[in-house]
Amino acid sequence: MREGALVSLGTAPLGYAPDVTPTTSELRLPAEGRYVLVAKRAAAGFAAVAGLDVEALDDLVIAVSQACENAISLTERVAGPGNGQIRLVFTLADNAIEVRVRSSLSRVELEAAAARQVVAVAREAQAREAEEMAMRIMGLFVDDFGYRMDERTGGLRVRLTKYLVR
């Protein structure tokens, strides 16, 4: 470090959202199945930092994986493969780790999907039932969860919370 240089600790680099605190981190990934591994690794890392034991860590990773896979499935159903983005927000608190998973499509992707209208109705209903079941199963691996699907926009929001046992 050069002499006389100022060191600023605690200042977020440019490009970070102002609502992100030192206990909150965000990860954005393409809505593609191969990126679920990245989400799982990130969840495991944050769970380890939070102090979860191995069993609780594994449960959280399974739930995050399921949330991401469902989010990807929804975006693919609305706009086709290779479209959309998955956003994971990890929040560490004194007694819990919360993970929020959200899928989204850009306006361009939504307009292109609306122009195609290629989805079969029977397949659509079957996919919705499978997603609903997967969401309920996901809740078995965490202490608290909630979700909301938007079939029109391909958006899925999932909140997963695992409480720390101390």
Legend entry - Among (1) buried (at least 19 other Cβ atoms within 10 Å of the Cβ); (2) at pLDDT 85 or above - the single one V78 does not satisfy: (2)
Legend entry - Residues within region 55-75 that are more than 14 Å from D150 (Cβ to Cβ) and either of a type in the set (F, W, Y) or touching a residue at least 60 places away in the same chain (Cβ under 8 Å) (or both), tallied: 9
Inset, instruction - Could you run through region 26-41 and say how many residues are crowded, with 19+ Cβ neighbours inside 10 Å and in a helix (DSSP H, G or I)? - result: 2
Inset, instruction - With the condition kept exactly as written, say whether any residue in region 111-125 is modelled with pLDDT of 70 or more and either assigned to a helix (DSSP H, G or I) or buried (at least 19 other Cβ atoms within 10 Å of the Cβ) (or both). - result: yes
Inset, instruction - Consider A39 carefully, then state whether it is at pLDDT below 95 and among the aliphatic types (A, V, I, L, M). - result: no
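The values are calculated or read from the model by the stated rules, or taken from the named source; none is laboratory data. Keep in mind that what you see is a predicted model, and the values were worked out from it rather than measured. Note that each Cβ is placed from the backbone with ideal geometry, even for glycine, and that neighbours are counted across all protein chains shown.
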